[in-house]
There are 2 protein chains.
Amino acid sequence: MHAHSWHKVYKRRNVERTEITTYEELTTRIPAKELSALLKVSSSLASTMDLIEVLQIAIESAAGLFGLNTGAIYTLENGDLYLGATTPPLPAQFPDELRLAKLCDHPHISKVVSTKAPVYLGDARLSPLSAAEKIVVDSRHLVSILYFPLLLKEDVIGVFIVGTTDQTRVFASNEIDLCYILSFQVSLAIANTLLYKKAQQSIVDLSRAYDATLEGWSRVLDMRDHVTEEHTHRVVELTVALASRMGIPAADLGHVRRGALMHDIGKMGIPDAVLQKPDVLSDAEQKIMQTHPEKARQIISQIDYLTPAVDIPYCHHEKWDGSGYPRRLKGEEIPLAARIFAVIDVFDALTSDRPYRKAWKKEEALAYIKDQSGKHFYPEAVKAFLEMLEG
Amino acid sequence: MHAHSWHKVYKRRNVERTEITTYEELTTRIPAKELSALLKVSSSLASTMDLIEVLQIAIESAAGLFGLNTGAIYTLENGDLYLGATTPPLPAQFPDELRLAKLCDHPHISKVVSTKAPVYLGDARLSPLSAAEKIVVDSRHLVSILYFPLLLKEDVIGVFIVGTTDQTRVFASNEIDLCYILSFQVSLAIANTLLYKKAQQSIVDLSRAYDATLEGWSRVLDMRDHVTEEHTHRVVELTVALASRMGIPAADLGHVRRGALMHDIGKMGIPDAVLQKPDVLSDAEQKIMQTHPEKARQIISQIDYLTPAVDIPYCHHEKWDGSGYPRRLKGEEIPLAARIFAVIDVFDALTSDRPYRKAWKKEEALAYIKDQSGKHFYPEAVKAFLEMLEG
């Protein structure tokens, strides 16, 4: 038996019946038992907004409705086929690249897509098959195969396939009715999950854009301050790592990251004459320089989204013993993120070259950090920092 | 007849039957005609991701299943009731604040929420009602009322209500079965739309945060450049308005806005001595100052999301006759957004006070702009700008 459009067969076989029109009409022809099964499928499909789960439910339902145990569902992505789910399910370690296939390598699926109608193979072993189709038929021991389009309004968004593995099987016209309704339900569910997926992707893209923009600004600031991009990058990464080690919840690490990135943002308000002076600063100049945490607070407090990231820019020059600035906070009055950042910032500054001195050796810098534990630095942060460097 | 939990009535009436267990079991008891109707409802519910549409479909379906024409659906929001949809539908101009109601003002709904079971009033005219309930019953001429919970797993997320307006009506046990299935479907659909709505809200929030952050940075830049926040704000708004008038598509206006906001971002790389010099700049200083568009390009080109906004920062000092900088672009070689922005920026600068001169009068500035049409400025932008100021 050759491949042919099921749609035509269907019409030929049911000449006494008027042509299929609406989905509504179809449901009136289906027995209660199948309707009840379809209703169950419909609720299962609505129970998740995860595309892969929806496809798995869809293909298991499709096979289940006909008492079959072999099926697959493909979605169309930019003209290519994507194998979304199979029954029995694909192994967990199935490589993602093998899920992709070219439409032209699968002529029967291709025909479903172009005609928007089902295709039925009575015995696939006797049908002309492409190389890719033959691999699927042989590896799954398929005999009768039904390919069915997933239609969203006028567009084919995918194809589901069910088959027998032991003997030939004919699909009765009421079974094809079932397929139409199932296909309609699955298409709606896929469309909803795709919409949701797209929204989720926009959130990821926007978050990345936001962080990239903050990094861009931080680079500009570093240029003016003659700080290297590498310093900022290192300090940010080490701060996030230490914060995580010290139990700052994962949900807050984004704020810590942004805070570290913007730690010297207040220097935007410091004149070049002070900021870029190669000499030691006079007392008056020092006073101006020390306004940068307060300037940072002013800038950040006007931006709601960044407010939770203000601790490091505002408080990273406070000291554990209360001798820091701008507020002379003491001990645990200093926000934890700022206590952590202070250790990293000083360590990285000491081990970097400066116009007025060479970089300290790592051991010298560590000795200094240890010595300042309980004076400049929060002892627990020093301890965790040393452990982190050793680990 | 007094109000009582339908759940109990239901059990009493059907003593011969085992207690209701699963949704699946329920569907097996429902006749094909109702199953077919439920299936249609299920697809309608899946056909949109808009909460209000889902609620409207839900309540019309609920009433329709029983041949009734009066119904309402409430969702629970932070412990308050929100009237999501009614049948017949609420008028379009129905005030949003009237949709909100306190749970305690509606004791029958309150009972459904606390018992997670339906409540039935055989004749609401003879039942004890709260003041708020009485208003609803009187205005809608309700007689028999069925209140049904919308359950998502163990949580009541809302209540739907159907009623008769002419005579009393009893709901048969298979009708209550229908309600359970309908309620299940509607709850899933509501949950999905809420998930989607939340994702959409996150996108809006993030976009706002992004724009707020760019504005914050622009403010900081203005402080250093001694430009007022008002200047930037005016220039941004006028540029977007003129761009829209001149046919720049709405989808691109966000880029135009961000470009205008960042037009002088390159000045972050200009030393104070040049940027803040109160005198006329020397030739050498002018050269340094004129690097700011190129510096802007460097900053922005590293941030993918901002790349489409680069035209104004990079090209707003080009002139129509080719005498501008940095690339001496001519005529339509200059991106449209930059041609538009140039007119607005010069006009706003001329009509503002500067350390070295007073603000020009509006007429003087307009005469200058007109004179420079075809020289400094794109003639069409000058024309549209003048029309906009007159309109």
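Only one of the numbered conditions (1) open to solvent by 40 Å² or more (accessible area, probe 1.4 Å); (2) modelled with pLDDT under 90; (3) of a type in the set (A, V, I, L, M) is violated by B:VAL227, and that is (1).
Here is a yes/no grid of residues against (1) under 22 Å from B:TYR210 (Cβ atoms); (2) not aliphatic (A, V, I, L, M):
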| site | (1), (2) |
| --- | --- |
| A:GLU215 | yes, yes |
| A:MET223 | no, no |
| A:GLU237 | no, yes |
| A:ALA243 | no, no |
| A:LEU261 | yes, no |
| A:VAL274 | no, no |
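Reported count of residues in segment B:24-73, each being more than 25 Å from the chain's Cα centre (by Cα) and part of a helix (DSSP H, G or I), is 22. Of the residues making up segment B:61-81, those that are of a type in the set (Ser, Thr, Tyr) and at pLDDT below 95 are B:SER61, B:THR70. Name the single residue that is least open to solvent (accessible area, probe 1.4 Å) among those in segment B:341-369 being of a type in the set (Phe, Trp, Tyr) and in contact with a Phe, Trp or Tyr (Cβ under 9 Å, 6 or more places away or on another chain). So, considering only residues that are of a type in the set (Phe, Trp, Tyr) and in contact with a Phe, Trp or Tyr (Cβ under 9 Å, 6 or more places away or on another chain), the one least open to solvent (accessible area, probe 1.4 Å) is B:PHE347.
Checked against the criterion of being within 16 Å of A:SER218 (Cα to Cα) and either in a loop (DSSP other than H, G, I, E, B) or in contact with a His (Cβ under 7 Å, 6 or more places away or on another chain) (or both), the candidates A:ILE312, A:ILE248, A:ILE299 yield just one match: A:ILE312.
Put simply, of B:LEU206, B:LEU195, B:LEU182, B:LEU214 the only residue that is under 22 Å from the mean Cα position of the chain (by Cα), within 12 Å of chain A (Cβ to nearest Cβ), outside any strand (DSSP E or B) and closer than 22 Å to B:LEU81 by Cβ is B:LEU195.
Among the residues here, B:ARG234 does not qualify as modelled with pLDDT under 90, closer than 28 Å to B:ILE270 by Cα and assigned to a helix (DSSP H, G or I). Exactly one residue out of A:LEU76, A:LEU98 is over 13 Å from A:VAL162 (Cα atoms) and assigned to a strand (DSSP E or B): that is A:LEU76. Looking across segment B:237-251, the residues that are within 23 Å of the chain's Cα centre (by Cα) and without any contact (Cβ under 8 Å) to a residue 60 or more places away in the chain come down to B:GLU237, B:VAL240, B:SER244, B:PRO249, B:ALA250, B:ALA251.
Screening A:VAL9 against (1) at pLDDT below 90; (2) β-branched (Val, Ile, Thr); (3) open to solvent by 40 Å² or more (accessible area, probe 1.4 Å) leaves a single unmet condition, (3). Check whether at least one residue in segment B:373-391 is touching a helix residue (DSSP H, G or I) at 6+ places or on another chain (Cβ under 9 Å), surrounded by fewer than 19 Cβ atoms within 10 Å (Cβ to Cβ), closer than 26 Å to B:LEU281 by Cα and assigned by TED's automatic domain parsing to the domain that holds B:ARG245, and report yes or no. No, the conditions are met nowhere in segment B:373-391. Assessment of segment A:38-60 against the conditions (modelled with pLDDT under 85 and in the same structural domain as A:TYR120 (by TED's automatic domain parsing)) yields no matching residue. Restricting B:ASP304, B:ASP311 to those that are under 30 Å from A:ASP205 (Cα atoms) and open to solvent by 70 Å² or more (accessible area, probe 1.4 Å) reduces the list to B:ASP304. Considering segment A:65-76, the residues that are touching a residue at least 24 places away in the same chain (Cβ under 8 Å) and open to solvent by 20 Å² or more (accessible area, probe 1.4 Å) include one that is nearest to the other protein chains (Cβ to nearest Cβ), namely A:LEU65. Checking each residue in segment A:206-224 for being open to solvent by 60 Å² or more (accessible area, probe 1.4 Å) and either in contact with a Lys or Arg (Cβ under 8 Å, 6 or more places away or on another chain) or more than 19 Å from A:GLY266 (Cα to Cα) (or both) picks out only A:ARG208. One residue alone among B:LEU195, B:LEU188, B:LEU206 is hydrophobic (A, V, I, L, M, F, W, C), out of contact with any Cys (no Cβ under 6 Å at 6 or more places or on another chain), closer than 30 Å to B:VAL162 by Cα and free of Cβ contacts under 8 Å to residues at least 12 places away in the same chain, and that residue is B:LEU195. Scanning segment A:34-61 for residues that are more than 8 Å from chain B (Cβ to nearest Cβ) and closer than 20 Å to B:SER36 by Cβ yields A:GLU34, A:ALA37, A:VAL41, A:SER44, A:SER61. Being more than 12 Å from every other protein chain (Cβ to nearest Cβ) and surrounded by 16 or more Cβ atoms within 10 Å (Cβ to Cβ) is the filter here; which residues of segment B:262-288 pass it? Matches in segment B:262-288: B:HIS263, B:ASP264, B:GLU285, B:ILE288. Considering A:GLU380, A:GLU332, A:GLU364, which residue is among the charged types (D, E, K, R), assigned to a helix (DSSP H, G or I), within 35 Å of the chain's Cα centre (by Cα) and over 20 Å from A:GLY266 (Cβ atoms)? After applying the criteria, what remains is A:GLU380. Scoring B:TYR120 on the criteria (1) in a strand (DSSP E or B); (2) of a type outside the set (A, V, I, L, M); (3) open to solvent by 70 Å² or more (accessible area, probe 1.4 Å) leaves a single failure, condition (3).
Taking the condition within 14 Å of chain B (Cβ to nearest Cβ), on the phi < 0 side of the Ramachandran plot and either surrounded by fewer than 16 Cβ atoms within 10 Å (Cβ to Cβ) or modelled with pLDDT under 95 (or both), does A:ASP166 pass? No: the conditions fail for A:ASP166.
The values are calculated or read from the model by the stated rules, or taken from the named source; none is laboratory data. On a predicted model such as this, the values are computed, not experimentally measured, just so you know. For neighbour counting, all protein chains shown are included, and Cβ atoms are generated from backbone atoms with ideal geometry for every residue, glycine included. Quick note on the areas: whole protein, heavy atoms, side chains included, nothing else; ligands and nucleic acids left out. Shrake-Rupley method; radii C 1.70, N 1.55, O 1.52, S 1.80 Å.
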